[in-house]
Amino acid sequence: MRDFGYDEQELVEELCSAIAALPGASAHPRMNQPRSGSRYEPDGLLDVHINQSDLAIVVEAKRELFPRDVRQQIWLLRDYLDGMDGPAEKVAMLVAGAVSRGAREILQQEKIGYFDPGGSLFIPSTSAYVLIDRPPPKKAVRMFGAIFQGQRARVVQAVIEAAPNWVSVKDLAEATGVSAATTSETLTEMERRDWLEVDGAGPAKTRRLRERALVLDEWARLIAAQKPPQIERYYVPANDAGEIARRLEDACRDAGAQYAITAEAAAQVYAPYLSSISQLKCRLQAGRVQHDVLSRLDARSVSEGWNFGVIAEVGKHDVAVGERLNGIAYAPIVQIYLDLLQGSGRASEMADHFRSERLSG
């Protein structure tokens, strides 16, 4: 396994401890593992006593588990169980430093056990059914969320927006400005999570999203657990968000700055919901050029009564633009949705409406 803070033996030992902590239960590694007719050998074999029943648990350990990984392992474990002798009930289990939500659902459906160091435990025994569902470890949360950060996030957004069309690595790399290597890695990770359909192989390989909701729901859960991004608040002399948008376009054009309007003001353009919008949020190229734009807008920093917000993002040097409408630059539609989720007031209502209008399917 790649480094995730645990190796196979440590995960098996953690599983033993978790089972032993159950009322009236015990778990002991079998020192001499009898070979079945299969060439496959698991990472552990446990003799378990629980609820006055004896179980022989076959354990396979992985760094992390996503739906595709689970499907590849299930038949190996079942084949191994078929070759085992002895009176104890045979149970297959997968243990990992991180078990994704999708992987857990498949394992429960297929009656294959699982365990992670966060304390989640599933033993699908006919005589001692155990299901403990706990939040994943912090390391696992960071790992699950890595696909929604940085350059990878741009690729994921592009795949979502392209649905239901087929896309290639070349198409996405050109559309997002992300390297072909990072684009390919991101698509492979999406395949592991069972989010993509695949056609062809090699350079001709194309993919498309199975269902937008699968990815958006996962991204929304991650967003809900994070702090909202910092917003630098200003007052700009203007009557409404539309006037601010036009002034922002003029100022950025003159200063040579990148920008993209997002959240409520952008959602109102794509999928009108409120009678009027008085505040505008955007991403604006950082550095000296940003100060130039703010000066051209006559923007004044305020703590209350703001109507112009700049979303501050550490480490980003460029601004992703979805499209330009009537000469105004707007963020990609997925980014607009995500920014609404982190808003206040009626932003959550707008997020639901915007998703149903622009990101259904």
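Derivation of every value follows stated rules applied to the coordinates shown; laboratory data play no part. A quick note: this is a predicted structure, and the numbers were derived from the prediction, not measured. We place every Cβ from the backbone using ideal geometry, glycine too, and count neighbours over all the protein chains shown.
Brief remarks on what is shown
- Solvent-free Debye scattering, log10 I(q)/I(0), computed from the Cα coordinates of the chain at q = 0.07, 0.10, 0.13 Å⁻¹: -0.42, -0.73, -1.00
- Residues VAL302, VAL99, sorted so that the one with the fewest Cβ neighbours within 10 Å comes first: VAL302, VAL99
- Global form of region 149-210, assessed from the alpha-carbon gyration tensor, a/c cut-off 1.5: rounded
- With neighbour counts taken as other beta-carbon atoms within 10 Å, the residues MET190, MET93 rank, fewest first, as MET190, MET93.
- Cross-link pairs beyond the 28 Å C-alpha cut-off, checked among LYS139/LYS227; LYS170/LYS281; LYS62/LYS227; LYS62/LYS111; LYS139/LYS170: LYS170/LYS281; LYS62/LYS227; LYS139/LYS170
- Taken about its Cα centre, region 231-358 carries a charge dipole of about 160 debye when Lys and Arg each add +1 at the Cβ and Asp and Glu each add -1 at the Cβ.
- Fewest-first sequence of ARG142, ARG208 by Cβ atoms within 10 Å of each Cβ: ARG142, ARG208
- Region 231-358: C-alpha pair distances exceeding 20 Å, %: 38 percent
- Relative contact order, whole percent, for region 231-358 stands at 35, derived from Cα pairs under 8 Å and 6 or more residues apart.
- Euclidean distance between Cα centres, region 238-262 to region 148-187, Å: 28 Å
- Neighbour cut-off at most 13 other Cβ (10 Å), DSSP loop, GluC sites (Glu not before Pro), region 282-361: GLU304, GLU313
- Taking the Cα atoms of region 173-308, the ratio Rg/Rh between the radius of gyration and the Kirkwood radius comes to 1.08.
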